[in-house]
Amino acid sequence: MKKNKLLLAIIISLIVSACSNSKKVRKTNSVASSPVVATPATPSFSATKSNDGIYPPGQEELSAINIKYPDASLAKLQEGYLIYTQGACIQCHGTVSIYSHDEEQWKNIIDDMAQRAKISDLEKDAVYKYVFSIKSTQGK
């Protein structure tokens, strides 16, 4: 049941995000019965990266994490982002800058917090991969 609610929340968030990013709308032709086709703007995640490393993952983060974790997907990273920013992680505290800890520290933190938050191993894996994808693209 908890997984179904999380999946539903992810789907709704993605739909809302996609709708809010739809900046261009064009009609296919002038016939009244023609459908209106929305052309979503291509998001530029580099322009929306925050100083604390907390931002929605994109292709850059996926490419970076796929080097270490070839099984990672953009959907998995987005799930981790939602858990970190809207789910179990903020039930007890706010978000913490992803840049403030190295990967080994994050592994320990996520292991400890996942147990306290009672999230599944799959959810924990999503948070790992999200955080590590951001760390992988962090400027040196």
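Values in this text are rule-based calculations from the coordinates and carry no lab data. Note that the coordinates shown come from a computational prediction; the quantities given were computed from them, not determined experimentally. Note that we place each Cβ from the backbone using ideal geometry, even for glycine, and neighbour counts take in every protein chain shown.
Compute the FRET efficiency between residue 60 and residue 120 as 1/(1 + (r/R0)^6), taking r as their Cβ-Cβ distance and R0 = 30 Å, and round to the nearest 0.05. Efficiency, rounded to the nearest 0.05: 0.65.
Compare the peptides 99-105, 127-133, 56-62 by average per-residue count of other Cβ atoms within 10 angstrom and give them in order, highest first. Before the final figure, lay out each step's value.
Working: 99-105: 11.7, 127-133: 25.1, 56-62: 19.0.
Highest to lowest by the protection proxy: 127-133, 56-62, 99-105.
Amide hydrogen proximity for residue 55: with H placed 1.01 Å from N in the peptide plane, no residue at 5 or more positions away or on another chain lies under 5 Å.
Region 46-140 has equivalent-ellipsoid semi-axes of 19, 15, 12 Å, by the square roots of 5 times the alpha carbon gyration tensor eigenvalues, sorted largest first. A simple spin-label model places the labels of residue 103 and residue 75 2.5 nm from each other, with each point 7 Å out along Cα-to-Cβ.
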